[in-house]
Amino acid sequence: MFKLLNKYQLNMRVCFTIILFSFIINPSFSQTNPENNTGNWLMYFGTHSINQKWSIHSELQMRLYEPFGNFNQMLPRLGLNYHIDKNSMVTAGYAWIPTQGVLDGNLDNISIENRIWQQFILKNKIQRFNFEHRYRLEQRWVSRDNFTDYLNRVRYRLLLTIPINHKVLKDKTFFLSFYNEIFLNITDTPFDQNRLYAALGYKFNSNIAIQAGYLRHRLGSQKLNRFQLGVFLNTKRKSKEKVKMNS
């Protein structure tokens, strides 16, 4: 139990380090058309074992309108995973999300979203090509200017991971990662956004991996460019499990 708590404390230190770093590089909020700039997403993802069937998902993202400043969104997310088998998993969780939007080319007031989410992940492999299908449901309460709007959304992401210097994703492996994810609102105008992503990553061992990439983000009528830097940490279950790539 003490070993598990120590691992959680280490991962929480990583979370707070990312938050602190993001605020250090973001001392002020510019008012000059932030959506026209190339932004930056700093990301942490963790999977922390409870036993062979259950684990905890922890996540923190800091999204900026510019590479070194201009706050857009912070996304801390927590979930409980149930591992059906080595290729499938269900998760339910909660996220609290402050977002600073843009109105008429200037930064707008910050909105606060409370989100409940559920997802199903299914994996399959063809030779060295690793596929992951993620199906997610979201119930969203978005509050801004003393008004709260309730929204429902569905998401589907197809992720492809390809090891480079080894045939499988083992220790000391470089890999390529690609995904496309579509977001659909459950309304009369369903399209919400689409994310197309490509990255280069390195898996140090079964506990830690990193990746850096580029995201082409279509958000409504906007077409945004975002760099991404992600850190992935696992605390192992008794049976061996690959590092989860992306969230």
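Quick look at the values:
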| read-out | value |
| --- | --- |
| Simple spin-label estimate for F178 and Y135 in nanometres, 7 Å along Cα-Cβ | 2.4 nm |
| Sparse-neighbourhood loop sites, trypsin sites (Lys or Arg not before Pro) in the range 98-191 - DSSP loop, at most 13 other Cβ within 10 angstrom | K167, K170, K172 |
| Label-point separation, S143 to K86 (7 Å along Cα→Cβ), nm | 4.6 nm |
| Set K125/K236; K203/K223; K86/K167; K125/K223; K86/K170; K167/K223 screened for pairs whose C-alpha atoms are more than 27 Å apart | K203/K223; K125/K223; K167/K223 |
| Extension reserve of the K170-I112 stretch, reckoned as 0.36 nm per residue once the Cα distance is removed | 16.9 nm |
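Each reported figure results from applying straightforward, stated rules to the coordinates on display, with no laboratory input. Remember, predicted model here, so these are calculated numbers, not experimental data. Methodologically, a virtual Cβ is constructed for each residue, glycine included, from the backbone with ideal geometry; neighbour enumeration extends over all protein chains shown.
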